[in-house]
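Enquirer: Below you will find the structure I want to go over with you.
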Amino acid sequence: MIERIPAADTAENLTLLASKISSRELCRVRTRFEGENLRSELLPNEAFMIEEPGTLLHTIRPPVRLLLFGNGPEIEPIQALAGDLKWTVEHLMHPLDYRVEKDVPG
């Protein structure tokens, strides 16, 4: 059996969805795949929805953001694990960790 999946109304839905996820907002999408008016639409977060046959409600959460501080030996494995989980990782080090040591004659 092959089911027809309704496409988004316009590219504006995808653009709006991308901007909401980028700004770390929770997104709700309703897809109607039975009956009339087959389509997917982005819903306002405060919209109240009643379950209907032939309708899928999907909540899209922004990816987990992990902030790592310092430059210890545990940073590299944690970054690898977070990358495998598709988390957004930001590594912040102390400014002195960035400095380049120079040989000073003396």
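Every number in this text was worked out from the coordinates using simple rules, so none of it is lab data. Every value quoted in this text rests on a predicted model; they were computed, and no experiment measured them. Quick reminder, even Gly has a Cβ in these numbers, built from the backbone with ideal geometry, and neighbours come from all protein chains shown.
Enquirer: Rg/Rh for the range 11-60: what does it come to with C-alpha atoms and Rh from Kirkwood?
Expert: On the way: Rg = 11.4 Å, Rh = 11.6 Å.
Computed over Cα atoms, the ratio is 0.99.
Enquirer: Go through Thr55, Phe33, Asn13 and say which Cα lies farthest out towards the positive end of the charge dipole of the range 11-60; charges sit on Cβ, +1 for Lys and Arg, -1 for Asp and Glu.
Expert: Asn13
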